[in-house]
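Values quoted throughout were computed directly from the atomic coordinates according to the rules given, and no laboratory measurement underlies them. Since this is a predicted model, take the numbers as computed values, not measurements. Here Cβ is always computed from backbone atoms with ideal geometry, including for glycine, and neighbour counts include all displayed protein chains.
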Amino acid sequence: MTTTPTRLHSTMTEYLKEIIYGGVDGIVTTFAVVAGFSGAALEADNTLQLSFMTVLLFGLANLFADGTSMGLGNYLSVKSEQELFTILHEKEGALLAQDTTAERVLTQRILQEKGFTPPQAQTLMELYAQNPAYWTDWLLQHKHEMPDPRGVNPLLTGLATLVSFLVFGSVSLIPFFFDGLTSQQAWYGACAATVAAFVLLGVLKWRILGEQLLRSVLELLLIGGVSAVVAYMVGVWLG
């Protein structure tokens, strides 16, 4: 079955948080490895080939290990959130089935805090009471301040994080696949590739959300740039 542009855009929007989170972390994580070796092993040109291979081995190993860890972590996080929601939903539903007095008072108080007058809050509360399933969902959201995670697919969430981490994180390693470059050229190439990766991520964010292009790109460059600079400083210090 062919995925239409509208369907693809909807899917990208749904997993935007994972794409941005995984992408930024992947870029910074890989750049940290590159910066570390650039401050140490890549200083001497007589060990150039060994250094390039070392950067690639450590970079790719770190990329797949951290990407898998983040993907699985995100999967378990969403799954745990869903399990907690189910438990609280059952408890709240049981409370409503036994006695609604306390929940009625609480519901009216919350509604009044949100700007409804006492008569309006009373009317809304009576409407909620006629639909216990909706009332339970409403209490989970406003009493426990917990959004409904039941529509989220944990597997796809983890996969989106992993794929974004690998795709954007691998960009910084591209210069080290070219044997003809000097260590300095490879380092400058890695820096340029890292900037390009942040720009691409910003453009993707712009296309999905429809916000201002310059703002989207600069935001990613600023946030990612700070992290990348810290990674570089640590790498130089260790070197």
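Magnitude of the charge dipole for the chain, about its Cα centre and with charges confined to Cβ atoms of Lys, Arg (+1) and Asp, Glu (-1), is about 360 debye. Rounded to a whole number of µm²/s, how large is the Stokes-Einstein D of the chain at 10 °C and 1.306 mPa s, given Rh as the Kirkwood radius over C-alpha pairs? Rounded to a whole number, D works out at 75 µm²/s. Taking a straight line from the alpha carbon of Lys143, these lysines sit under 28 Å away, with near neighbours fewer than eight places off in the same chain left out: Lys17, Lys79, Lys91, Lys114. If only the Cβ of Lys and Arg carry +1 and only the Cβ of Asp and Glu carry -1, the dipole of segment 80-142 around its Cα centre is close to 280 debye.
Compared with the dominant Cα axis of the chain, that is its longest principal axis, helix 48-98 is turned about 0°. Think of the chain as having a plus end and a minus end, set by charges on the Cβ of Lys, Arg, Asp and Glu; of His89, Leu57, Phe198, Phe198 sits farthest toward the positive end of this dipole. For the chain, the longest principal axis of the alpha carbon atoms and the long axis of helix 118-129 meet at an angle near 80°.
Using only side-chain charges placed at the Cβ, +1 for Lys and Arg and -1 for Asp and Glu, the dipole size of segment 131-220 relative to its Cα centre rounds to 80 debye.
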